[in-house]
1. Would you mind stating whether VAL127 is within 30 Å of ALA10 (Cβ to Cβ), aliphatic (A, V, I, L, M), touching a residue at least 40 places away in the same chain (Cβ under 8 Å) and surrounded by fewer than 23 Cβ atoms within 10 Å (Cβ to Cβ)?
2. Give just the number: which of (1) on the phi > 0 side of the Ramachandran plot; (2) crowded, with 19+ Cβ neighbours inside 10 Å does ASN27 not satisfy?
3. Report every pair of residues separated by at least 6 positions or lying on different chains whose Cβ atoms are under 6 Å apart, first residue within the range 168-183 and closer than 16 Å to PRO53 by Cβ, second among the charged types (D, E, K, R) and at pLDDT 85 or above.
4. Restricting attention to the range 136-187, which residues are within 16 Å of TRP121 (Cβ to Cβ) and among the polar types (S, T, N, Q)?
5. Pairs, please: C-beta under 8 Å, at least 6 apart or cross-chain, first residue closer than 13 Å to ARG90 by Cα and in the range 64-75, second among the acidic types (Asp, Glu)?
6. Here are some residues: TRP171, TRP121. Which one is part of a strand (DSSP E or B) and aromatic (Phe, Trp, Tyr)?
7. Determine whether the range 34-52 contains at least one residue that is among the charged types (D, E, K, R), surrounded by 22 or more Cβ atoms within 10 Å (Cβ to Cβ) and within 19 Å of GLY148 (Cα to Cα).
Amino acid sequence: MSSLTDNQIAALYRHCQLLELWNKKLNLTAIADAEDAVLRHYCESLFLGALLPPEAVSVADIGSGAGFPGIPMAVLRPDCQFTLIESHQRKAVFLREATRNCPRVQVLGERAEDVKLRFDWAVCRAVKWGQVVGTMARVACHAGFLIGQNDAVELVKTAGIDWHKPIRMPWGERRVVLIGSRVSRET
């Protein structure tokens, strides 16, 4: 992954400031420590974004919440189209405000199960993975999860997606990126 530009760093910082301001009223994230927030929210999201294929793709962030991993990924990959899906309307309002100047990012304030659009990729973190795997396989060809190692062991047992070997975070966390592709229904 190449280094972030000054403009990309500034965009991430603006998001972080807005998140801090809105989090006081909406409880968008439970991680309050700045260092933990940078590592868990931003670095993990950027790490997943760096694993996207080099060509422009469409990406759905399911259960985007405060915009993770979608917003940092969109900052990293401005060539891609991102859709942030969030069913909680107050969080969706935050996402619209946070992405106001991001032309290749749209926000859908609805349940992922109700989304009719199709994407190249679906990504998520901090969701109950058992509830979204089927939706991810329905709306996208490829899936990317930011997940704990123990949950990854269970997730790879689910049907519908052919999972690759988990990729450990380079900073030694017990968290991984799990990437998979939808199993073809053709036989």
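The values are calculated or read from the model by the stated rules, or taken from the named source; none is laboratory data. Quantities reported herein were computed from a predicted structural model and do not represent experimental measurements. So basically every Cβ, Gly included, is an ideal-geometry build from the backbone, and we count neighbours across all protein chains shown.
1. Taking the combined requirement at face value, the residue satisfies it.
2. Going through (1) on the phi > 0 side of the Ramachandran plot; (2) crowded, with 19+ Cβ neighbours inside 10 Å one by one, ASN27 breaks only (2).
3. Once the first residue is closer than 16 Å to PRO53 by Cβ and sits in the range 168-183, its partners that are among the charged types (D, E, K, R) and at pLDDT 85 or above give GLY180/ASP162; SER181/ASP162.
4. Residue satisfying the conditions is SER181 alone.
5. Close Cβ pairs (under 8 Å, with a partner that is among the acidic types (Asp, Glu)) amount to SER64/GLU86; GLY65/GLU86; GLY67/ASP61.
6. So the residue among TRP171, TRP121 that is part of a strand (DSSP E or B) and aromatic (Phe, Trp, Tyr) is TRP121.
7. Within the range 34-52, one or more residues are among the charged types (D, E, K, R), surrounded by 22 or more Cβ atoms within 10 Å (Cβ to Cβ) and within 19 Å of GLY148 (Cα to Cα).
For (1) touching an Asp or Glu at 6+ places or on another chain (Cβ under 7 Å); (2) buried (at least 23 other Cβ atoms within 10 Å of the Cβ); (3) within 21 Å of ILE179 (Cα to Cα); (4) touching a residue at least 24 places away in the same chain (Cβ under 8 Å), each residue gets a yes or a no:
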{"position": "GLU86", "(1), (2), (3), (4)": "no, yes, no, no"}
{"position": "GLN89", "(1), (2), (3), (4)": "no, no, no, no"}
{"position": "ASN101", "(1), (2), (3), (4)": "no, no, no, no"}
{"position": "ALA140", "(1), (2), (3), (4)": "yes, yes, yes, yes"}
